[in-house]
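Contents: one structure, followed by commentary.
Every read-out reported here was derived from the displayed coordinates using simple, explicitly stated rules and does not represent laboratory data. Here the structure is a predicted model, which is why all the values come from computation and not from measurement. No Cβ is skipped: glycine too gets one built from the backbone with ideal geometry, and neighbour counts run over all protein chains shown.
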Amino acid sequence: MPDTLFDRFPVFWETPELTHINRLPGRSPLTPYSTLASAKRNDAAKSPWVQSLDGDWKFKMFDRPEVVPAWAVKPGAKDNKWGKIPVPSNWTQHGHGAPQYTNVQMPFENTPPNVPKENLTGVYRRTFKIAPGWDGRRIVLHVGGAESVLCIWINGTFVGMSKDCRLPSEFDVTPFVTKGKNHIAAAVIKWSDASYVEDQDQWWLGGIFREVLLYTQEHAYIEDVFARAHLNTDNTSGQLDVDVKLNFTTMPEKTYHVVGTLADPSGKAIKTIKADHIIDNQYGRHANATAMAASFRKVLPWSAESPSLYTLVVSLHEDDGKGKPKARAIEHVSCKVGFRRVEVRDRKLLINGQAVMIRGVNRHEHDPVTAKALSTESMVRDILLMKQHNFNAVRNAHYPNDRRWYELCDQYGLYVVDEANVEAHANYDSICRDPRWHDAFVDRAMNMVKRTKNHPSIILWSLGNESGYGENHDAMATWIRAYDPTRPLHYEGAVRNTWKQIDTAMEPIGRHVTDIICPMYPDIEELIRWSTLDRDDRPYIPCEYQHAMGNSNGCLQDYWDTFEKYDGLQGGFIWEWIDHGIKQTTADGQEFYAYGGDFGEKIHDSEFVCDGLIGADREPHPAMADCHKVQQPVGFALTNAKRGRLNITNKNYFTDLSWLSFRWVIEVEGKRVATGTMKPAKILPQKRAAVTLDYDLSELPEGEAFLTVEALSAKKTDWCAKGHRVAWEQFALPAAKSKRVAKPAAPKVKQPVEVSETKRNIRVSCAVNGIELKFNRSKGQLKSLSVNGEALITEGPKLNLWRGVTSNDGVKGKPEQWHSEWKPLGVWCVAHLDKPRLSQTAEPIIELKRGGVVAVTLHHQWVFDGRDDDASVVHQQVWTLRPTGELHVENLFDIDKRLPDVPRVGVIFTAAKGLERLDWFGRGPGESYSDRKTGKAIGKFRSTLKDEYVPYVLPQEHGLKADVRWCALSDDGKRSLRFDADKPMYFSASHYTPIDLTKAYHTYDLKPRADVTVCLDAEHRGLGTRSCGPDTLDKYKVFPGTYRLGCSIEV
């Protein structure tokens, strides 16, 4: 048998005690430069001391590490039949293995630290050349990330091994390289003991997915820099403290100086700082470390609102023999710093002394095509969308991110929770206490902190996610607190009452590992209870709330009302930013986004991976409008509507509102009747100002009137265009309601409403507008509504309690959720609401009224197949047609109290093909629901059926409009159908029925119907976030009782 690659190695991929071999200590990602100017620009691609190894590599996949032949990593091996793969990339995205999604469970048999024998192992090969200028210098290989175990060979010699796939691995390859051409090979093993602590809620992929490069340094070099830019309590002056660690390839024979240069945000050098001592060969005196410090009387503070960044360049010089540094430096490195201060006290997380409300979101790294290999453009897109929707914070869930992400957060202004790559969800209460994983926990914490310590955007260190709480966490916290006391700690598992992931403690526990009370998915009652009853002096900031899966984020306004009202509550982080759909194509060419189970894997967690505020294509979901609204940094209060007096509040903490312009508009019955601008005096942070709007209510036309005020960006910024709407509010004005003008007495009716009957049908018609209602006698239902012989309604309104199941009603891909009563879907299915049956019907009752008016009453009783009782819903429908052509329908619903709360109560009917245009007066644009409508103003809107379709990865209820006064469907102007509600109702129109949406598991399952399905609801249940969080509040539920839905119909 030929030699195999690992036959001389222990099975290190099943040895948690062994975290690496020959990997260098973690450090800040400092690029060496040859000049001070190039270091200030900090463009690594232009440094002569950096060589990228990104690009195509030779690649071959093996079934498991034990079968990889030894020759696979040797120079000159016959690899002409090997394929190619781009680096960086995930190999699953190039046809090698398949993605697999799990949330809690392991993707294989859970027997830590063992992994499956079938364990894909990819071998990468390429050559590179050492530039002549690198001769005799130290050379380091940097691999940004590889899932999950990385092994390196240079010129056929083993260099080292590393675990922790979300942090860089660096190896000193100086002894292994030669002048000119060299060969590098990497073996990546998919499963390992590390997989048990990388059990995050995401895809399992594989491969080298971040950058690979070489950098070179001199015999004497800067190993690391720790810069702490502290903002003093006056928020004006600052202190810069810099620790510098040097190192040497051999015993130093000379003396060295370290010099720092600080440039302000404009790039102007403002200070040269010398280290407090030189470095020589007396290691015992200084351990190759030195420090620099400088005070500044005036600095520009860094915050998410105003991210002022300074550039620190650290230069290494030889001594000139006279006790001074030589003019020419050996090397320069640089990093950005921001003067800011983070503290926790008195139930507050203080940033620069202010208890900043955390408007946060959790973000996984994901791209629908490239998976974990992200482009800078996609990162910038994320940040722009966050800023434009008024987010100010992001939790790196659940691992350290690409280095560029931190640089962008520093630049654009986002507060960051940096999280260690530790999640042992499937072994929640054991691995955190297992000494075999002690070093892995601590190693991951150390390397995370060392890598990103210089970034001002990072305000909290997180010890990981959903891994219980044990001794291993204590060890992590002890190290971090000693190394970086400037930032508080965050860890959700330490605020639990028990070992299990249940019940947030109401007493101060876990203080050593968390300075924040940061539970997951508290309901609003728990928030209030903690604030009013618990005496913990730490702030309460949920690390996850509002699970954004599918059509979601109900009750967001209720959460923010609570956050802003109660002591100690300081916002939170929505779960999560992006759907993790992977773009695929069906055999007939339809693109769709795949989720768990779509790649043939038996162990998976279905569509639970698609739970973002934005789609996999980075298009915002409708809920983002409500995020924007509840998180807006400007508040408005109409204190006197009659006199137009308005208060404007600056909710920012560090910047005034001079960068905004303000305007207002009044609309009556959806028509703009007055506009104006506001020019308030300078409004300082956390202050307010009063303005008077120039309008006169007495001059407004009659009708329902609304005042809308807006704050817009007065200029282009780094993250938004001029005119971007930053904040808004709408107020109902006390204008007169539309008057029902008494019509003159109708002349003697010559052509009254006609009624004709046959054995099967009843026809009721009016010659004035050619309207005809056709009722089926035996079914007691409207069969059609026609105008001049052309049907506009082709199937009459009938009871509708069902909606296309949302992800928060129940996760459709999990069979148990169709039957268990811990999710609304299970409750409804156990109650058999999905199986309605018309049990009783009466023949239509025709009533001839005074003035030639005809009323037709329909009576239905619905039961539910499978129930062991006779619980029912009684639906009465009264159609009234006047000789003038006026048509009105009234629905009365009586829901049996033995039934649970229902998805909706209303009617569903079919309208004619071609009625594609939608107009409505209600909330818009886009969809809105009873518990998620804050982000939608009341007005008059126009759209189409196509545009109102929301392509959630898993098809579900969408497109509803709340508080609708009237709605209309029409074509090119020849046909129209309008419904004027007696009181505000809910309305939607689609080419899909609720049953179509319920049955579909992918967008390609939906086949548009030619006609139009219309739903009018008296009430519609809120969305909540029950996919993982709390259900909607009771006030948004539709409980058994009596409901009325009435509207006039105009054709």
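Overview of values
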quantity: GluC sites (Glu not before Pro) within segment 1-78, DSSP loop, no more than 14 other Cβ atoms inside 10 Å; calculated: E17
quantity: Long-range HN-HN contacts of V344 with modeled amide H, under 5 Å; calculated: L350
quantity: Within straight-line cross-link reach of K716, aspartates and glutamates at Cα separation under 17 Å, skipping those fewer than 8 residues along the same chain; calculated: E305, D656
quantity: Computed helical MRE - 222 nm, the chain, DSSP H runs ≥ 4 contributing -39500 (n - 2.57), nearest 500; calculated: -3000 deg cm²/dmol
quantity: HN-Hα J in Hz across segment 136-147 - Karplus 6.51, -1.76, 1.60, θ = phi - 60°, x for Gly and Pro; calculated: x, 9, 6, 10, 10, 9, 10, 10, x, x, 8, 10
quantity: In segment 53-90, trypsin sites (Lys or Arg not before Pro) in a DSSP loop with at most 15 other beta-carbon atoms within 10 Å; calculated: K78, K81
quantity: Of the trypsin sites (Lys or Arg not before Pro) in segment 631-668, those whose Cβ has at most 15 other Cβ within 10 Å and which sit in DSSP loop; calculated: K642, R643
quantity: Rounded to whole Hz, the Karplus (6.51, -1.76, 1.60) HN-Hα couplings of segment 779-788, x for glycine and proline; calculated: 8, x, 10, 5, 8, 6, 10, 10, 10, 6
quantity: ³J(HN,Hα), Karplus 6.51/-1.76/1.60, whole Hz, each residue of segment 830-840, x for Gly, Pro; calculated: 4, 7, 6, 5, 7, 10, x, 9, 6, 9, 9
quantity: For Y1001, Y483, Y215, Y124, order by how many other beta-carbon atoms lie within 10 Å, fewest first; calculated: Y483, Y1001, Y215, Y124
quantity: Packing-based exposure ordering (other Cβ within 10 Å, fewest first) of I846, I358, I383; calculated: I846, I383, I358
quantity: From the coordinates shown, Rg and Dmax of the Cα atoms in Å corresponds to which of (1) 40.4, 119; (2) 33.3, 118; (3) 32.0, 98; calculated: (2)
quantity: Least to most buried among R138, R867 (fewest other Cβ within 10 Å first); calculated: R867, R138
quantity: Out-of-range pairs (alpha-carbon distance over 19 Å; input K642/K961; K629/K936; K60/K163; K651/K687; K46/K245; K849/K983); calculated: K642/K961; K60/K163; K46/K245; K849/K983
